[in-house]
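Take a look at the structure set out below.
Values in this text are rule-based calculations from the coordinates and carry no lab data. Since this is a predicted model, take the numbers as computed values, not measurements. Glycine also receives a Cβ, built like all others from the backbone with ideal geometry; neighbour counts cover every protein chain displayed.
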Amino acid sequence: MKIKSLTKFVLATLALGAVVVLPAQATALPNWDVSGNYVVGFVLGGTYLHDVNLVQDSSGDLTGSGSYPAGGSAEYSWHITSGSVSGDAINLTAVYDTGAPGVVMHMTGTIAADGSMSGNWDDNNGGSTRTGTWSTTEGTADKLGALAAEDFGVVHYDTGLGMLTGYTAGFGLTGATFANVQSVVVKLYSGTTLLQTNTATPKVGAEITGSQISSPFDVFGTFDYATDGYWTNVRESEYGRHLIPTKVVATVVLENGQQLTAENTNLTGDPASIFPQNPPVVSPTTKDQCKDGGWKTFTDPVFKNQGSCVSFVQGHHK
């Protein structure tokens, strides 16, 4: 899949008997996984190709080793003493074990959109500072998790926990899963008006451990979010009973802390098909109308809970 070689990274340095050095701690979450084997070309007058092996942990910290020449018997070898990937940046420090024992090399660079890497290096070979450039010639880094919108549609069906009459939004991860995810928040909008917010419960990261997830937004049905247990649903005063949604926005924080966002503005299906034939009652006239979530349907006034709805009835319809 990837043939990555810090060798190329260290190539110029190795040939010079230098050591590759990366900062010890990542200051930002990595956007890439650089674990793998590379061929790295170090430039100092000529180009020296090195074989490089990198190992990256979930925090972005690096370990690994390199040797020169690439693909042959090693005349020089080195190991990384510290290093990290932060965002799109990579840096490391390495010390030579053979060929130029004790020489220290530092490398800093950037990971491009295609996963290739390049940057600058320096070492203390020969007792003075040498500098040059480096770039990978074989092998690419892997982009870490990405979130993409998959579907956004009108739904009306019996879930077994009540009728879901409203909308559903699906999203998928690449390069990551929902296992032990820190948070998932999906928001439903009509234009800039926020209609509903679904926040995943811990049940999502514990039981949904794959790469896809679907978030339901009930508008006219009786879906029981609490019994279902996967989402905490919060509705704004206008939550889709009159305004038609135009987009959903999902924000996911993965187990490693990486935050991903995606939105979908392509609603499929006919919203008119789920709107009730008769307009909702504007104001309640009996306490029974306030029960079973009925208080949410009224628009004049808008009630915060069933109790406020009942109080209104008692005060206006004795």
In Hz, Karplus ³J(HN,Hα) per residue of region 65-79 (6.51, -1.76, 1.60; θ = phi - 60°; x = Gly, Pro): 7, x, 8, 9, x, 5, x, x, 5, 6, 8, 10, 9, 8, 9
Could you give the angle, 0 to 90 degrees to the nearest 10, between helix 306-316's Cα long axis and the longest principal axis of the Cα atoms of the chain? 30
One would report the Cα pair-distance distribution of the chain, bin width 20 Å, in %, as 29, 33, 23, 13, 2
Could the peptides 184-194, 83-93, 290-300 be put in order, highest first, of the mean number of other beta-carbon atoms found within 10 Å of their residues? 83-93, 184-194, 290-300
Mean Cβ count within 10 Å, highest first, over the residues of peptides 255-266, 121-132: 121-132, 255-266
Assigned charges on the beta-carbon of Lys, Arg, Asp, Glu; the chain dipole about Cα centre (debye): 760
Given Lys247/Lys296; Lys187/Lys304; Lys247/Lys287, the pairs whose alpha carbons are separated by over 25 Å: Lys247/Lys287
Given the options Thr286, Thr108, Thr199, which has the most mean-square fluctuation in a GNM of the chain, springs set between C-alpha atoms less than 10 angstrom apart? Thr286
Helix 6-15 versus the longest principal axis of the chain: what is the Cα-based angle in degrees, 0 to 90, to the nearest 10? 20
State the answer as a single residue: which of Ser211, Gly109, Leu62 lies farthest towards the positive end of the charge dipole of the chain, with beta carbon charges of +1 for Lys and Arg and -1 for Asp and Glu, about the Cα centre. Ser211
